[in-house]
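Asker: Below you'll find the structure I mean.
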Amino acid sequence: MAASSRSKPNLWHMALSKLPEEKQVALRSGFGSSEKSDVHALTAVVTQVRQRALLERWKIKSHHGEVAV
């Protein structure tokens, strides 16, 4: 069996290319030149978005306590 001459596709770059242009620009501004820094930058963005979503989520108070919607 012969070894493939093609390199592995960069899945981060493939995913990035499927986003709208303005999101690509925003994410690229935090990316470095290596794949490792790409992962760290993406993790930081996801963490920020998650924290904002947790702060902004709706809550309903009932006799059982507070429930996040």
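The values are calculated or read from the model by the stated rules, or taken from the named source; none is laboratory data. For clarity, every value in this text was computed on a predicted model and none was experimentally measured. Cβ coordinates were reconstructed from backbone atoms using ideal geometry, including for glycine residues, and neighbour counts include every protein chain displayed. For accessibility, only protein heavy atoms count, side chains too; no ligands or nucleic acids. Shrake-Rupley method; radii C 1.70, N 1.55, O 1.52, S 1.80 Å.
Asker: Six or more apart or on different chains, Cβ atoms under 8 Å: show the pairs whose first residue is in the range 36-63 and free of Cβ contacts under 8 Å to residues at least 60 places away in the same chain and whose second is of a type in the set (A, V, I, L, M) and part of a loop (DSSP other than H, G, I, E, B).
Answerer: What qualifies is ARG57/VAL69; TRP58/VAL69; LYS59/VAL69; ILE60/VAL69.
Asker: Tell me which residues, restricted to the range 49-69, are open to solvent by less than 100 Å² (accessible area, probe 1.4 Å) and within 18 Å of LEU27 (Cα to Cα).
Answerer: Of everything in the range 49-69, just one residue is open to solvent by less than 100 Å² (accessible area, probe 1.4 Å) and within 18 Å of LEU27 (Cα to Cα), namely VAL49.
Asker: Next up: When the range 18-48 is examined, which residues are found to be open to solvent by 70 Å² or more (accessible area, probe 1.4 Å) and at pLDDT 90 or above?
Answerer: Listed by number, the residues that qualify are LYS18, GLU21, VAL46, GLN48.
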